[in-house]
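Data first, discussion second: the structure below is written as structure tokens.
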Amino acid sequence: MHHNWWKESVVYQIYPRSFNDSNGDGIGDLQGITEKVDYLKDLGVDVVWLSPVYQSPNDDNGYDISDYQAIMAEFGTMADWEELLAALHQRGMKLIMDLVVNHSSDEHVWFQEAKKSKDNPYRDYYIWRPGKNGREPNNWKSNFGGSAWEYDPNTDEYYLHLFSKKQPDLNWENPKLRQEVYDMMKWWLDKGIDGFRMDVINFISKVPGLPDGVVKSGETYASGSRYYRNGPRIHEFLHEMNNEALAGYDVMTVGEMPGVDVEEAKKYTDPSRNELDMVFQFEHMGLDAGPNGKWDVKPLKLTDLKANISKWQEGLNGIGWNSLYLNNHDQPRMVSRFGDDGEHRIESAKMLATFLHMLQGTPYIYQGEEIGMTNVRFDSIEDYRDIEILNMYQEKVVENGEDPNKVMESIYAKGRDNARTPFQWDDSKNAGFTTGEPWMKVNPNYRTINAKQARDDANSIYHYYRKLIRLRKRHPVIVYGDYQLILPEDEQVYAYLRSYHDEKLLVITNFSGDHVPFELPADAAFTAEESLIGNYGDFPADSYTRVTLKPYEARVYKGK
Ligand code: TEU
Ligand code: CA
């Protein structure tokens, strides 16, 4: 398999607003991140992905950009950003930036111009349509609720917004828009960045004619996703972007792609096609949702996770590349969702990390994951900040009269703000995140769960992550090995083999809080030589054929 630095790397995602506040205004900022680069270096990560830090009115916390070449005033200045880049580079770490070009902010000068008149030179940078029978041009719903169209009385047309109405979709059919994006990308690349994470990049090509979707009974709007995910010109656009903007730079590109399947992902990431390096896909994030989408919470069946992960591991092997993650800024905390954030918080967080980091792909650590930060339960909807949560609550409780307690439960389980509470640095006021009033409340469990405690405790989740990251550097099988699932039917134990040349790994993870027997199937070709890492301390290398696993136990054996 072809070797690349971004396959051998571990990425750390920072959500700047919630990471570290350097000036006491309650909002995380760039100088705050720079103060913590040694923390990142000690952890051992190779690449930092910054969620958006560009100028933005913050309707969606920076995912609505009003100037792609300016820094958000709340986060600091361009000089602060340059200092951060230099501090990371000095320590041998890389920086990738978020590229949000499916849409801009409605406060971007392009949109300000576009809405002036139908013949404005920028009109075609966005997607405008006349209404149909006094209604929206089609029945698509926005990902944040309501119609995906907003009426503009000045020009008597609607514009498309797949997210909030302050996030108008850019028109990729327009070659001038595409060229502006490529020029902007090169401007950042020439500043020395090491790549891009591309926000919903598989949404940029829409099916011409923007056909109606099928409305579910009882609903007003339909999902239009089949007409804008992996659309007809998507591969052409990404190939062009690669050619025009990326060629000649040694950078990594990762495409955030809701609704991508294995076959499409192969096309996006097969190096011979010159599109992207890796996908960041969502299939496994949908396994604990019912037919009515993310708020329709259902328990995860481990065999569903196995079938899904295995399909991706086998499907991309030798062809493309995947990102490995169990949480990010849009998802609940992984220990709360897939582990046990009470009694077995530490063991289960380590188990999930082991499970993930031993797979083929590039692991992503979302800030706070490495200290086992958990979901939060705020009593009042007033304490929530996320536009998706607030719009959903408004629609369900205020407009449709649904039971607020039930809706709050779904927010506790799936709301994006679970991931966005301030980073817990220590047990001082506001978790050491800010000396002021934090923009969102801290999770009250910061007195026991915080980075200071974790760094001082040799058995912490944090030190376990350090060890996992270091193992990756020593054993090419972790990065490049083939994957083979064993015990596909087991509902408690997820076990798999990796193999690369004469190196093999056996990974055994108990996803339950029970004591569970594990037995290596007789036909599994594996002989253990060494025990690599486990979340209950050292264990004997010869225990791999038959063992009773403790709650959430994880063991990795190396052998042949
Ligand atoms: O998210 C894209 C996306 O489709 C989702 O992950 C979505 O935000 C969420 O899961 C809805 O349930 C990206 C960004 O990561 C997200 O923060 C932005 O809000 C969104 O795009 C719009 O830019
Ligand atoms: Ca600040």
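The values are calculated or read from the model by the stated rules, or taken from the named source; none is laboratory data. It should be emphasised that the depicted structure is a prediction, and the values quoted were computed from it without experimental measurement. Note that we place each Cβ from the backbone using ideal geometry, even for glycine, and neighbour counts take in every protein chain shown.
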### Query
Given the conditions (1) part of a loop (DSSP other than H, G, I, E, B); (2) touching a residue at least 12 places away in the same chain (Cβ under 8 Å); (3) assigned by the TED database to the domain that holds Leu40, which single one is not true for Ala458?
(2)
### helices (runs of 4 or more DSSP H) wholly inside segment 342-435 that include at least 1 residues being within 16 Å of ligand 1 (Cβ to nearest atom) and either within 30 Å of Asn317 (Cβ to Cβ) or touching a Phe, Trp or Tyr at 6+ places or on another chain (Cβ under 8 Å) (or both)
387-393, 404-414
### Query
Exactly one of (1) touching a residue at least 40 places away in the same chain (Cβ under 8 Å); (2) within 14 Å of ligand 1 (Cβ to nearest atom); (3) farther than 19 Å from Lys186 by Cα; (4) assigned to a loop (DSSP other than H, G, I, E, B) is unmet by Gly28. Its number?
(2)
### Query
Are any of the residues in segment 119-132 within 30 Å of Thr220 (Cα to Cα), within 16 Å of ligand 1 (Cβ to nearest atom), of a type outside the set (Phe, Trp, Tyr) and without any contact (Cβ under 8 Å) to a residue 60 or more places away in the chain?
no
### Query
In segment 59-77, what residues are more than 16 Å from ligand 2 (Cβ to nearest atom) and either in a helix (DSSP H, G or I) or touching a Ser or Thr at 6+ places or on another chain (Cβ under 9 Å) (or both)?
Asp59, Asp60, Tyr63, Asp64, Ile65, Ser66, Asp67, Tyr68
### Message
Tell me whether segment 414-430 contains one or more residues that are surrounded by 14 or more Cβ atoms within 10 Å (Cβ to Cβ), within 21 Å of Arg377 (Cβ to Cβ) and touching a strand residue (DSSP E or B) at 6+ places or on another chain (Cβ under 6 Å).
### Response
yes
### Boolean, Glu180 is closer than 21 Å to Arg226 by Cα, outside any loop (DSSP other than H, G, I, E, B) and away from ligand 2 (no atom under 16 Å from the Cβ)
no
### Message
Just checking, does segment 300-310 include any residue being assigned by the TED database to the domain that holds Tyr366, within 22 Å of Phe203 (Cβ to Cβ) and surrounded by 18 or more Cβ atoms within 10 Å (Cβ to Cβ)?
### Response
no
### Task
Have a look at Glu275, Glu314 and point out the one that is part of a loop (DSSP other than H, G, I, E, B), among the acidic types (Asp, Glu) and modelled with pLDDT of 95 or more.
Glu275
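Considering only segment 105-112, I want to know if a residue exists there that is of a type in the set (S, T, N, Q), without any contact (Cβ under 8 Å) to a residue 12 or more places away in the chain and assigned to a loop (DSSP other than H, G, I, E, B). Before the answer, list the steps.
Initial filter on segment 105-112 (of a type in the set (S, T, N, Q)): 105, 112.
Next, from what is left, pick out any that are without any contact (Cβ under 8 Å) to a residue 12 or more places away in the chain: 112.
Still in the running and assigned to a loop (DSSP other than H, G, I, E, B): none.
For segment 105-112, residues of a type in the set (S, T, N, Q), without any contact (Cβ under 8 Å) to a residue 12 or more places away in the chain and assigned to a loop (DSSP other than H, G, I, E, B): absent.
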### Message
Could you go through segment 407-428 and let me know if any residue there is charged (D, E, K, R), more than 29 Å from Ile469 (Cα to Cα) and either within 16 Å of ligand 2 (Cβ to nearest atom) or over 24 Å from the mean Cα position of the chain (by Cα) (or both).
### Response
no
### Query
Which condition number in (1) at pLDDT 95 or above; (2) aliphatic (A, V, I, L, M); (3) surrounded by fewer than 22 Cβ atoms within 10 Å (Cβ to Cβ) is the one that Met1 fails?
(1)
### Task
State whether the residues of segment 50-68 include one that is under 18 Å from the mean Cα position of the chain (by Cα) and among the hydroxyl-bearing types (Ser, Thr, Tyr).
yes
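Quick check on this structure: which one of Tyr465, Tyr496 is in contact with a Ser or Thr (Cβ under 9 Å, 6 or more places away or on another chain) and closer than 30 Å to Ser310 by Cβ?
Details: Tyr465 fails: in contact with a Ser or Thr (Cβ under 9 Å, 6 or more places away or on another chain).
Every option except Tyr496 fails the conditions.
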